[in-house]
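The values are calculated or read from the model by the stated rules, or taken from the named source; none is laboratory data. This is a predicted model, so every value here is computed, not measured. Here the Cβ is made from the backbone with ideal geometry for all residues, glycine too, and neighbour counts use every protein chain on show. Areas reflect the complete protein model, heavy atoms only, side chains present, ligands, DNA and RNA absent. Shrake-Rupley method; radii C 1.70, N 1.55, O 1.52, S 1.80 Å.
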Amino acid sequence: MTPEEFSKKYQSEYEKGLIYPICPNCRKKLHLYGISSLTQKARFDHLNQSSNCELSDPKKAKDFPSYDFNNDEIIKEYLIQENQRKVYVLCKKLLGNTKFEYCKFYELIEIANKRNIFYYKGLKVWMILYILLTLQDFKNEKKDYMIRFVIKDLLVKTLNGESLKNEIQKIEKHRTGTKTRYIEMTEDFFKSTDDSWIKFILNSERYLRKN
Ligand SMILES: [Zn+2]
């Protein structure tokens, strides 16, 4: 439903506070912005920006992918032990020599869950690791430098890609300067990743409760 349609149908109830739109992502109350403006495009707005909801940032919101909250298949697929392991193994690999503990991995899964990234329309299991890595900065304690992963293009474009060629940028901030390199990913590469060296069961399930 567009803001215009909403306003047409529910304006009087909305003004009385009887009906209000909610964010499909964070479930918070939204308000109508710019509905009677001639210069601004009307939109639904969050009352406050929140780091748990990308849609609450109006600048970013227009570039964000749509959500499919009925798609539990992707979570089922992710929870297959082999897939969880591959996601972990590849995150670790892309971090290079930086320590990547399992608790850190679960922390990323938890953040991803809070932000509903598993419900991005078009998300495939082999793309998950890329998005996980962009959720936080990492620190290489031993050599004292920061690592940040950035999606180069619009996320929505990335999600429609068959392979993620040069789609993710790995930026290392050393004291002496910044090193940048691009990383590729394909479904085949994901599938052929060796996860056999992980000797115990990964359990992300408890971090994937419905918000
Ligand atoms: Zn929201």
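Tally up the residues in region 98-132 that are open to solvent by 20 Å² or more (accessible area, probe 1.4 Å) and assigned to a loop (DSSP other than H, G, I, E, B), please.
6
Which residue, of Tyr145, Tyr120, is hydroxyl-bearing (Ser, Thr, Tyr), modelled with pLDDT of 90 or more and in the same structural domain as Asp188 (by TED's automatic domain parsing)?
Answer to the selection: Tyr145.
Among residues belonging to region 33-68 that are open to solvent by less than 60 Å² (accessible area, probe 1.4 Å), within 30 Å of Asn203 (Cα to Cα) and away from the ligand (no atom under 11 Å from the Cβ), point out the one that is modelled with the highest pLDDT.
Asp68
How many residues are at pLDDT 90 or above and over 23 Å from Phe105 (Cα atoms) when one looks only at region 148-178?
Counting residues in region 148-178 that are at pLDDT 90 or above and over 23 Å from Phe105 (Cα atoms) gives 5.
Just one of (1) in a loop (DSSP other than H, G, I, E, B); (2) open to solvent by less than 70 Å² (accessible area, probe 1.4 Å); (3) near the ligand (Cβ under 10 Å from one of its atoms) trips up Asn71, so point out which.
Result: Asn71 passes all but (3).
Could you list, in sequence order, the residues of region 69-82 that are among the hydrophobic types (A, V, I, L, M, F, W, C) and within 29 Å of Phe200 (Cβ to Cβ)? Walk me through it before giving the result.
Initially, region 69-82 is screened for residues among the hydrophobic types (A, V, I, L, M, F, W, C), giving 69, 74-75, 79-80.
The answer is Ile74, Ile75, Leu79, Ile80.
Residue by residue through region 147-176, note down the ones that are more than 17 Å from Asn97 (Cα to Cα), open to solvent by less than 30 Å² (accessible area, probe 1.4 Å) and not charged (D, E, K, R).
Across region 147-176, the qualifying residues are Leu155, Thr158, Leu159, Gly161, Leu164, Ile168.
Which one is farthest from the ligand (Cβ to nearest atom) among residues in region 20-32 that are of a type in the set (A, V, I, L, M, F, W, C) and either touching a Ser or Thr at 6+ places or on another chain (Cβ under 8 Å) or open to solvent by 30 Å² or more (accessible area, probe 1.4 Å) (or both)?
The extreme case among them is Leu32.
Being crowded, with 16+ Cβ neighbours inside 10 Å and either in a loop (DSSP other than H, G, I, E, B) or among the charged types (D, E, K, R) (or both) is the filter here, so list the residues in region 74-97 that pass it. Even if it seems obvious, please write down each step before you answer.
First, the residues of region 74-97 that are crowded, with 16+ Cβ neighbours inside 10 Å: 74-75, 78, 83-92, 94-95.
Residues satisfying the conditions are Arg85, Lys86, Lys92, Leu95.
The rows are residues; the columns are (1) touching a helix residue (DSSP H, G or I) at 6+ places or on another chain (Cβ under 8 Å); (2) under 18 Å from Ile111 (Cα atoms); (3) assigned by TED's automatic domain parsing to the domain that holds Leu129.
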| position | (1), (2), (3) |
| --- | --- |
| Glu13 | no, no, no |
| Tyr20 | yes, no, no |
| Asn25 | yes, yes, no |
| Ile35 | yes, no, no |
| Leu38 | no, no, no |
| Lys41 | no, no, no |
| Cys53 | no, yes, no |
| Tyr67 | yes, yes, no |
| Glu82 | no, no, yes |
